[in-house]
Amino acid sequence: MRTWAFRVLLLGVVVLVFAMPSAAAGGEQLKFEITLSPALQTGKVTGRLMVVISTTNRTSELSQMNSVTNPSPFFGTDVSTWKPGTARKISHDDVQSYPLDALADLPEGDYYVQAFFNVYTQFTRSDGSVVWLHEPCGDGGTPTSSPGNLYSSVVPLHLDGQSSGVQQLTLDKMIPYPAGTSTFPANAPDQTCQQNNYTDSQHVKHIKIQSPMLSAFWGKPIYVGANVLLPMSYDQPGHENDHYPVVYDQGHWPGGGVLGFSETSNTGFSAYWKDPSTPQFIAITIRHETPYYDDSYAVNSANVGPWGDAITQELMPYIDAHFRTYPARWARTLTGVSTGGWEALAQMVYYPDVYDGTWAVSPDPVDFRDHQLVNIYSNANAYYQLHQWVNVPRLSQRTVSGDSVMTMEEENHWELALGTHGRSQLGQWDVWQAVYGPEGSDGYPAVIWDKQSGTIDHAVAMQWQPKDLRLYIVNNWPTLGPKLSGRLHDYGGTADSYFLNESGLLLQSALAALTNPAANADFQWVDRGGHGASPYTTQQLLTIMYNAMWADAPCPPHC
């Protein structure tokens with residue numbers, strides 16, 4: 001009886017132990033309490049509070065949040081009207097995280113921890129929506145390097161997600177504004193961030209203008225800039241009255257450069273540009289960062305504003321007035337890679353009277369039936385191929401050899417940890433949702449799919465159709481045909497890392513079927529070429545574009 005009773009008692013103890021919360025074995029589950037230092041003089045702030053936990057010791061750990069495939073774990077939550085001198089928590093409640101699911105999942109070890117705060121600005125837009133977004137500051141919109149954002153020192157800590165309890169951090173540093181201010185001035189972005197922050201050289205000039213259209217849309221001053229690369233003959237004696245055609249190179253935030261040109265280098269593109277035999281034209285990159293991404297996608301959109309009109313109707317006339325261009329359709333062409341490739345096609349399609357032709361390389365999805373493998377119109381889920389017994393993860397990126405790099409779910413969950421309501425600023429899926437889709441009922445972009453589960457909202461998907469380039473071209477061919485025939489060039493690799501060749505092939509097939517007139521579109525594919533693959537070097541492509549412009553030039557100037 002004593003043996004039986006002992007066994008019952010022992011069984012009860014075992015059941016009790018396993019029924020207890022796991023944190024109780026060593027203490028309270030890990031939480032972070034972050035204090036906003038009064039010394040920063042921020043006043044009350046609204047934004048995204050994040051903590052990054054790294055196994056390495058760096059001066060700053062913040063950049064570790066910028067990678068999908070090799071990140072350090074980070075955790076984020078939205079914060080409103082945060083008062084200096086008070087603290088907010090990063091815990092298991094209302095926190096999005098990546099790549100771990102929760103703080104409690106952090107294994108025991110030695111770590112280096114840093115807090116970060118992405119400051120949001122209130123925008124009262126012309127459509128009546130009031131939204132809180134980060135206002136970029138001439139930096140391409142990268143949160144971890146954007147002036148005005150706050151961060152803490154890197155703190156070494158021994159942590160266990162199950163038992164480390166509350167850990168203290170203090171936001172006491174600010175990324176300085178271009179003017180060098182170290183405090184948090186009211187309206188600082190309006191006062192300092194819209195300055196032209198790049199220094200001109202002999203052949204690279206920088207401009208920035210306030211856009212009346214965009215300022216009206218956003219309810220505060222919004223600026224658009226450009227980097228202008230002048231040909232070597234531009235300032236040479238005897239060429240003072242020469243005018244030049246223009247190549248617009250679209251793409252991500254270019255900093256202050258154009259096509260990698262350097263006044264001090266005599267190699268690569270710089271050598272080509274300086275060669276006396278090089279065709280003489282002007283090359284321009286556009287600086288058009290937005291609160292949602294490092295560029296606007298160069299079209300008008302419900303969430304980002306009238307960027308297509310601002311570029312073609314405000315920026316280009318300014319360029320034509322201040323540089324010796326030919327302000328005519330025949331003298332303007334477009335090119336770009338990836339995001340820039342989509343923009344180069346889209347500007348040509350939506351503004352066919354502005355440009356002579358477009359040469360796009362590996363453009364973002366041009367047919368939403370293959371939006372990086374997702375058919376937004378018919379697939380039920382973006383993250384998985386759904387079968388009766390098995391749901392197969394859908395890739396977002398691969399290597400040329402076919403190995404997996406990341407899945408759709410991983411990339412979208414990374415974006416969500418960086419910011420809710422499509423505010424990651426770094427995320428490709430977030431910016432596509434902002435540019436292609438309608439405004440949601442809350443003023444932020446309408447959600448194309450549930451960010452956690454991947455379930456697609458087909459009612460929203462149908463409202464993406466005006467930005468489906470294949471569909472737009474086909475539906476409007478009677479009017480677009482005479483303006484686009486023979487002017488569309490699309491190059492890429494058959495093993496594009498983001499599967500962009502698949503939507504390109506759908507566009508190629510659709511254009512080949514068009515008549516009255518025939519599209520005469522030029523598609524060229526590099527066998528087993530990856531993302532950005534082209535049959536031409538940059539120098540060869542620019543020469544082709546130059547010759548195409550002069551072939552269409554009237555007489556005069558080309559006689």
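Checking SER211 against (1) surrounded by fewer than 19 Cβ atoms within 10 Å (Cβ to Cβ); (2) closer than 22 Å to PHE323 by Cα; (3) touching a helix residue (DSSP H, G or I) at 6+ places or on another chain (Cβ under 7 Å): exactly one of these is not met. Which one?
Exception for SER211: condition (1).
Here is a list of conditions, (1) assigned to a helix (DSSP H, G or I); (2) at pLDDT below 95, and GLY256 meets all of them except one; can you say which number that is?
It is condition (1) that GLY256 fails.
I'd like to check something: does region 205-216 contain any residue that is free of Cβ contacts under 8 Å to residues at least 60 places away in the same chain, out of contact with any Cys (no Cβ under 6 Å at 6 or more places or on another chain) and in a loop (DSSP other than H, G, I, E, B)?
Among the residues of region 205-216, not one is free of Cβ contacts under 8 Å to residues at least 60 places away in the same chain, out of contact with any Cys (no Cβ under 6 Å at 6 or more places or on another chain) and in a loop (DSSP other than H, G, I, E, B), which makes the answer no.
From SER163, SER152, grab the single residue that is over 20 Å from ASN303 (Cβ atoms), among the hydroxyl-bearing types (Ser, Thr, Tyr), open to solvent by 30 Å² or more (accessible area, probe 1.4 Å) and modelled with pLDDT of 90 or more.
One residue alone meets the criteria, SER163.
Filter region 218-275 for residues that are on the phi > 0 side of the Ramachandran plot and in contact (Cβ under 8 Å) with a residue 40 or more places away in the chain; which is farthest from the chain's Cα centre (by Cα)?
That would be GLY219.
Out of the residues in region 288-315 that are part of a loop (DSSP other than H, G, I, E, B) and open to solvent by 10 Å² or more (accessible area, probe 1.4 Å), state the one that is farthest from SER338 (Cα to Cα).
ALA302
Can you tell which of TYR350, TYR383, TYR318 is farther than 30 Å from VAL130 by Cβ, hydroxyl-bearing (Ser, Thr, Tyr), crowded, with 17+ Cβ neighbours inside 10 Å and touching a residue at least 12 places away in the same chain (Cβ under 8 Å)?
TYR383
Give just the number: which of (1) within 26 Å of TYR444 (Cβ to Cβ); (2) out of contact with any helix residue (DSSP H, G or I) (no Cβ under 8 Å at 6 or more places or on another chain) does TYR292 not satisfy?
The one condition TYR292 does not meet is (2).
What single numbered condition from (1) open to solvent by 30 Å² or more (accessible area, probe 1.4 Å); (2) out of contact with any strand residue (DSSP E or B) (no Cβ under 7 Å at 6 or more places or on another chain); (3) not in a loop (DSSP other than H, G, I, E, B) fails to hold for TRP432?
All conditions pass for TRP432, except number (1).
Restricting to region 448-477, and then to whatever is of a type in the set (A, V, I, L, M, F, W, C) and more than 22 Å from ALA380 (Cβ to Cβ), can you tell me which residue is most open to solvent (accessible area, probe 1.4 Å)?
Out of the qualifying residues, it is VAL474.
Collect the residues in region 419-456 that are at positive phi and in contact with a His (Cβ under 8 Å, 6 or more places away or on another chain), keeping them in residue-number order.
Hit for region 419-456 is GLN425, nothing else.
The conditions are (1) at pLDDT below 95; (2) closer than 30 Å to TYR111 by Cβ; (3) open to solvent by 60 Å² or more (accessible area, probe 1.4 Å); (4) not hydroxyl-bearing (Ser, Thr, Tyr), and MET174 fails exactly one of them. Which is it?
(3)
Report yes if some residue within region 535-556 is acidic (Asp, Glu), at pLDDT 95 or above and under 21 Å from TYR436 (Cβ atoms); otherwise report no.
No, the conditions are met nowhere in region 535-556.
What are the residues in region 74-98 that are open to solvent by less than 60 Å² (accessible area, probe 1.4 Å) and of a type in the set (Gly, Ala, Ser), if any?
Matches in region 74-98: GLY76, GLY85, ALA87, SER91, SER97.
Residue under question is LEU480, and the condition is that it be assigned to a helix (DSSP H, G or I), open to solvent by 10 Å² or more (accessible area, probe 1.4 Å) and closer than 26 Å to VAL304 by Cβ; does it hold?
yes
Which of the residues belonging to region 402-418 are on the phi < 0 side of the Ramachandran plot and touching a residue at least 60 places away in the same chain (Cβ under 8 Å)?
Across region 402-418, the qualifying residues are VAL405, MET406, GLU410, GLU411, HIS413, TRP414, LEU416, ALA417, LEU418.
Please name all residue pairs, on different chains or six or more residues apart, with Cβ atoms under 7 Å, provided the first residue is in region 519-544 and is open to solvent by 40 Å² or more (accessible area, probe 1.4 Å) and the second residue is part of a loop (DSSP other than H, G, I, E, B) and acidic (Asp, Glu).
HIS531/ASP496
With respect to PRO291, determine if the residue is farther than 14 Å from ILE319 by Cβ and touching a Leu at 6+ places or on another chain (Cβ under 7 Å).
So PRO291 passes the test.
The values are calculated or read from the model by the stated rules, or taken from the named source; none is laboratory data. Everything numeric here is computed off the predicted structure, so don't read it as measured data. Counting neighbours? That spans all protein chains shown, and the Cβs are built from the backbone with ideal geometry, glycine included. Calculation scope for accessible area: heavy atoms of the full protein, side chains included, ligands and nucleic acids excluded. Shrake-Rupley method; radii C 1.70, N 1.55, O 1.52, S 1.80 Å.
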